[in-house]
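Participant: Please read through the structure below; I'll follow up with questions.
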Amino acid sequence: MNRYTKIINMMESYYTKDYEKHKKGITKVREVREETVRKFFLQGDCEVLVVFEDTGKEILIDDFSSDEDIKKYLGAKFINKKR
């Protein structure tokens with residue numbers, strides 16, 4: 001299962017994903033588009049860790065989370081209409 005991170009601060013919000021480099025043993029963090037995260041989230045193949053930079057609060061959202069939480073933290077586009 002893929003894990004994406006949504007970083008929320010005062011000015012903006014953006015999505016990132018951690019990639020492991022096997023040869024060097026390091027983790028690279030790259031920014032990804034919201035459409036990519038939404039595609040995998042609606043397929044049920046990922047979870048999103050929402051991080052508030054100002055407070056340090058973290059919330060884990062997956063496809064088993066309530067529709068209210070998904071809409072509040074990720075947006076209405078992330079709610080699967082087929083449920």
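Coordinate-derived values only; no laboratory data. Keep in mind that this is a model prediction, so the values were computed, not measured. Because the Cβ atoms are built from the backbone with ideal geometry, glycine has one as well, and the counts that use them run over all protein chains shown.
Participant: Taking only C-alpha pairs under 8 Å that are 6+ residues apart, what is the relative contact order of the chain in percent? Provide the component values of the computation, followed by the final result.
Facilitator: Values: 126 pairs, mean separation 21.9, N = 83.
It comes to 26 percent, rounded to a whole number.
Participant: Would you tally the net charge around ASN9, using a Cβ to Cβ cut-off of less than 10 Å, leaving ASN9 out, and scoring K and R as +1, D and E as -1?
Facilitator: Numbers: positive: none; negative: GLU12, GLU53, ASP54.
Summing Lys and Arg as +1 and Asp and Glu as -1 gives -3.
Participant: In degrees between 0 and 90, to the nearest 10, how far off the longest principal axis of the chain does helix 34-43 point, with axes built from Cα atoms?
Facilitator: Around 70 degrees separate the two axes.
Participant: Shifting gears a bit: Treating only the Cβ atoms of Lys and Arg (+1) and Asp and Glu (-1) as charged, compute the dipole magnitude of region 2-78 about its Cα centre; round to the nearest 20 debye.
Facilitator: Result for region 2-78 is approximately 500 debye, rounded to the nearest 20.
Participant: Do me a favour and compute the ellipsoid semi-axes for the chain from its Cα gyration tensor, root of five times each eigenvalue, largest one first, whole Å.
Facilitator: Semi-axis lengths for the chain are 22, 17, 11 Å.
Participant: Antiparallel DSSP bridges in the chain: what percent, to the nearest 5? Can you show the working numbers first?
Facilitator: Details: 16 of 23 bridges.
So the antiparallel bridges in the chain amount to around 70 percent.
Participant: Still on this structure, please answer the following. Which of the pairs LYS6/LYS72; LYS6/LYS39; LYS17/LYS39; LYS21/LYS77; LYS6/LYS28 have their Cα atoms more than 21 Å apart in this structure?
Facilitator: Table pairs above 21 Å Cα-Cα are LYS21/LYS77.
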